[in-house]
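The values are calculated or read from the model by the stated rules, or taken from the named source; none is laboratory data. Given the structure is predicted, the values throughout are model-derived calculations rather than measurements. FYI the Cβ positions are ideal-geometry reconstructions off the backbone, even for glycines, and counts take in every protein chain you see. Side chains are part of the model used for accessible areas, which takes the heavy atoms of the whole protein and leaves out ligands, DNA and RNA. Shrake-Rupley method; radii C 1.70, N 1.55, O 1.52, S 1.80 Å.
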Amino acid sequence: MSDEVLFTQKLVSKDNDNKVTIEWMVENNTRGLIENALALSQCYTHDFGNFEDGEVKSIIFDVELPSDESLKMDFGDDAIIPDKITFGGASLTYRANGVSFKTKSNTLEI
């Protein structure tokens, strides 16, 4: 077992181009307790709390994607939604043995 906290995100489903469902999963492989695990991205935040060694927690949530009409209103008539949308790595902050740490998830292309 490695000494790390794994933070991943994956696409669960995509609904008619307007909504996507994403899962965040955190796994504690530090051989100790991690505390105050807080995940955040531009579109969502979740407090995972504390994790014992080997514990895995996940959360599933929806993200509304912008429509072509809303993009045109905000950015002009030439604005369009690209074929692929990339969600950058979300960040996870936590404490272990009284020390603060931060890690990022993988990026997600939809």
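Roughly how many debye, to the nearest 20, is the charge dipole of the range 17-101 about its Cα centre, given +1 on each Lys and Arg Cβ, -1 on each Asp and Glu Cβ, and no other charges?
Its charge dipole is roughly 440 debye.
Given charges of +1 on the Cβ of Lys and Arg and -1 on the Cβ of Asp and Glu, with all other atoms neutral, how large is the dipole of the range 1-65 about its Cα centre, in debye to the nearest 20?
In total the dipole reaches around 160 debye.
In sequence order, what are the phi-derived ³J(HN,Hα) couplings for the range 31-45 according to the Karplus relation 6.51 cos²θ - 1.76 cosθ + 1.60 with θ = phi - 60°, rounded to whole Hz, with x for glycine and proline?
Using θ = phi - 60°, the values come out as 6, x, 7, 10, 10, 6, 6, 10, 9, 8, 9, 5, 10, 7, 9 Hz.
Along the range 61-73, what does the Karplus equation 6.51 cos²θ - 1.76 cosθ + 1.60 (θ = phi - 60°) give for ³J(HN,Hα), rounded to whole Hz, x for Gly and Pro?
Calculated HN-Hα couplings, in order: 8, 9, 10, 7, 8, x, 8, 4, 5, 5, 5, 4, 5 Hz.
Hey, if you put +1 on the Cβ of every Lys and Arg and -1 on every Asp and Glu Cβ in the chain, which of Ile80, Tyr44, Asn18 ends up farthest toward the positive end of that dipole?
Of the listed residues, the answer is Tyr44.
Which of the GluC sites (Glu not before Pro) found in the range 9-40 are loop residues per DSSP with 15 or fewer other Cβ atoms within 10 Å of their Cβ?
none
Return the carbon/sulfur percentage of the accessible area of the chain, one whole number, probe 1.4 Å, all protein chains in place.
After summing per-atom areas, the C and S share lands at 48 percent.
Probe of 1.4 angstrom, ligands and nucleic acids ignored: what's the accessible area per residue over the range 1-83, in square angstrom?
63 Å²
Tell me the trypsin sites (Lys or Arg not before Pro) within the range 15-110 that lie in a loop according to DSSP and have at most 13 other beta-carbon atoms within 10 Å.
The qualifying sites are Arg31, Lys84.
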